[in-house]
Structure formats: structure tokens, C-alpha cells
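Okay, structure first, notes after.
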Amino acid sequence: MDRRRWLVAGGLGVLALGALAAVVLEVPVAALLSAVLGGGSGGAGGIDFAPAGDGPGDFEAAVENVTTCGPTCRTLKATLRYTGADPVERVRLDMRVLANGTRLWQGTRSVGTMGPGDTYAIDQDADVGFAGARAALETDGRVTARIHVRHADGSETLEAVLTVS
């Protein structure tokens, strides 16, 4: 008798997990990620990052392309450009994707030294996961992509705010 109850309880647990998976993996989540992170096959070119208030404004960044690397993952191709007059050393990028202040993804890059006019190619996978996709849904699709550029002489922040329609 006890074995039968355990089998029934186990079967109900499997059904509950299946229902939860169906909710989490529904098509709107994939559509949201595609829209937030630029589409699956080469969209989002031309999105420029703007200065977020700190630093001298010696850096610019622009998205060139976004491609799919998984159900909740996108590969971002962007370019960072240094527009300052003097070389800067120990350049490091702290990158984040946020929804209503909640961090969905973060990553860092060590760039090294950049001289006037130098560019740095960013080719970065960003997997926000299903929890991140859900958080973006809860903010009506409004997310912020932020790049904090640190170097030996200071730092500045660039960001782009995207709204999913």
C-alpha cells in the first residue's frame, strides 16, 4: 500500500514539473529573448551606447550584430572605440545586462592598452537563462546593457536601454 502511494505521489510530481517546464519554456520567452538581445540571425546592428554620466566620454561602443548561441543565449558582436587624446593602459570592461536594476548577466574583459582611435572587437556570448528571461518579462521588456570601462587613469560607463515592443 505504501509503495502505491509513493508511485502516485511521484507521478503527480512529474506532472507538476512538466507543467512548470511548459510555462517556463513557452514561445513568448524565446520571442522576448530574441527581441531583447537582437534577434536570432544577425539583427540589432546600429545600436549605440551612450555615456551614463561618469568619466570624460573618451569611449564609444556600438553593436554590430547579434546571433543565437542557444535558447536563452545570444552572441553579441560590438566595437569599443577610444576617442581620447592620450593612450590609456590596463583597460578592462565590466559588462552587464539589467532588468529594472536586477542583473541578468555579467562578464568581464581585459583589453590592455588603447591609443587614440584604437578599436576593440567584442565577441561575447550572453546567456541570461530562463530566470533572466522571466525577469525581463516582468519589466515589460525594458532592459539595460551596460559597459563599465576601467583603466589606469579612471573609468566611465556606457549604456543602451532597449524596450521590447
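Laboratory data are not the source of any read-out in this text; all were calculated from the coordinates shown. The shown structure was predicted, so the numbers you read here are calculated from the model rather than taken from an experiment. All Cβ positions, even for glycine, are placed from backbone atoms using ideal geometry, and neighbour counts span all protein chains on display.
Sorted from fewest to most neighbouring beta carbons within 10 Å, what does the list Tyr120, Tyr82 look like? If you can, show how the numbers build up before the last one.
Working: Tyr120 18, Tyr82 23.
Least to most surrounded, the residues fall as Tyr120, Tyr82.
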If the chain between Ala152 and Glu138 were fully extended at 0.36 nm per residue, the gain over the current Cα-Cα distance would be 1.2 nm
